[in-house]
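First the structure, in the form of structure tokens, and then the observations on it.
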Amino acid sequence: MKIGAVTVGQAPRTDLTPDILPLLGEHVEFMERGALDFITPEEILQIQPEEGDYVLVSRMRDGSQIRFAERKILNRIQEAIEDLQKRGAECILMLCTGKFPKAFQSEVPLIYPYDLLGAIVPLLAENRDVAVMIPDKSQEKQCARRWSRLEGRVTVVSGSPYKGIEGVREAAQQMKGGRNSMVILDCMGYTQEMKNEVCRITGKPVILPRTLLARVVREYIGECCSKI
């Protein structure tokens with residue numbers, strides 16, 4: 001089965017695929033496309049966030065982190081979706097936990113980690129407190145709004161997965177103790193290794209979006225589809 005994946009940064013996401021490909025199964029053909037694959041240095045300046053913008057953070061091909069306004073790359077995401085469809089993708093994964101408008105056109109299932117987290121976390125948290133880790137401090141307010149419907153208190157800390165594991169460890173230290181029932185790593189950039197470290201430091205269950213997404217997709221494609 002051909003599975004497409006759209007990153008809002010640049011492909012390939014060599015930092016991400018080692019954690020998800022084993023979960024998808026050996027019979028899957030995994031195809032990537034980045035919204036910023038063909039962007040120029042001049043165009044990068046044009047997508048920088050302004051006051052009030054919904055901020056996204058992703059990874060460039062050289063491993064560096066980039067911040068940009070969601071509204072300024074929506075057309076590029078649509079182009080990436082169309083490219084993957086032309087290449088035969090039978091479902092497409094959005095490799096970003098951000099919230100996107102339901103305006104993208106896709107002839108195949110388009111699966112958003114944002115929706116998966118939004119459905120599962122409230123069931124697990126119930127009325128208990130949770131902690132959320134995000135890549136960049138500029139995302140704290142929008143993250144707090146995103147999880148405000150949870151009944152318990154939400155603590156938001158920033159620690160970028162694109163700047164090494166030490167920053168993640170430091171952010172995890174801020175989550176130690178307290179009444180938090182779990183930790184949500186709210187970015188596709190966090191790795192299984194980072195999840196393990198956050199779990200070790202906090203002593204709390206940790207939700208990792210990339211593996212959650214992969215397991216849901218594996219359930220969708222099933223054993224029968226994976227052998228076609």
Protection-proxy order for peptides 53-60, 157-164, each taking the mean of Cβ atoms within 10 Å per residue, highest first: 53-60, 157-164
To check you understand DSSP bridge types, tell me what percent of the beta bridges within the chain (both residues inside) are antiparallel, rounded to 5. 20
Quick check for you: with a 1.4 Å probe and neighbouring chains kept, what is the accessible area per residue of the chain, in Å²? 47
Rotationally averaged projected area of the stretch 145-228 (alpha carbon convex hull; nm²): 7.0
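Only helical DSSP H runs with n ≥ 4 go in: add -39500 (n - 2.57) per run for the chain, normalise by residue count and round the 222 nm mean residue ellipticity to 500 deg cm²/dmol.
Calculated from helices alone, the mean residue ellipticity at 222 nm is -11000 deg cm²/dmol.
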Which entry in (i) 1.16; (ii) 0.99; (iii) 1.11 matches Cα Rg over 2.2 N^0.38 Å derived from the coordinates of this structure? (ii)
Among A125, P135, I66, which residue has its Cα positioned farthest towards the positive end of the charge dipole of the stretch 59-138, with +1 placed on the Cβ of Lys and Arg, -1 on the Cβ of Asp and Glu, and the dipole taken about the Cα centre? I66
Which trypsin sites (Lys or Arg not before Pro) does the stretch 167-228 hold that lie in a coil by DSSP with at most 11 other beta carbons within 10 Å? R179, K227
Where the centroid of each part is defined by its Cα atoms, how far is the stretch 23-43 from the stretch 102-178 in Å? 23
Fraction in percent of alpha-carbon pairs per bin - 10 Å, the stretch 22-95: 16, 45, 29, 9, 1
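Counting Lys and Arg as +1 and Asp and Glu as -1, each charge on the Cβ, what is the dipole of the chain about the Cα centre in debye, to the nearest 20? Could the numbers behind the result be given before it?
Details: 31 positive and 31 negative charges, 133 e Å.
Rounded to the nearest 20 debye, it is 640 debye.
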Within 10 Å, count the other beta carbons around each residue, average over each peptide in 137-146, 39-48, and list them highest first. 137-146, 39-48
Could you tell me what percent of the accessible area of the chain is made up of carbon and sulfur, with a 1.4 Å probe and every protein chain present? 50
Rounded FRET efficiency, nearest 0.05, which uses the C-beta distance separating K102 from E29 and R0 of 25 Å: 0.35
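The values are calculated or read from the model by the stated rules, or taken from the named source; none is laboratory data. This structure is a prediction, so every number in the text was calculated from the model and none was measured. Virtual Cβ from ideal backbone geometry, glycine too; neighbours counted across all protein chains shown. Protein only, heavy atoms only, side chains kept; ligands, DNA and RNA dropped before computing areas. Shrake-Rupley method; radii C 1.70, N 1.55, O 1.52, S 1.80 Å.
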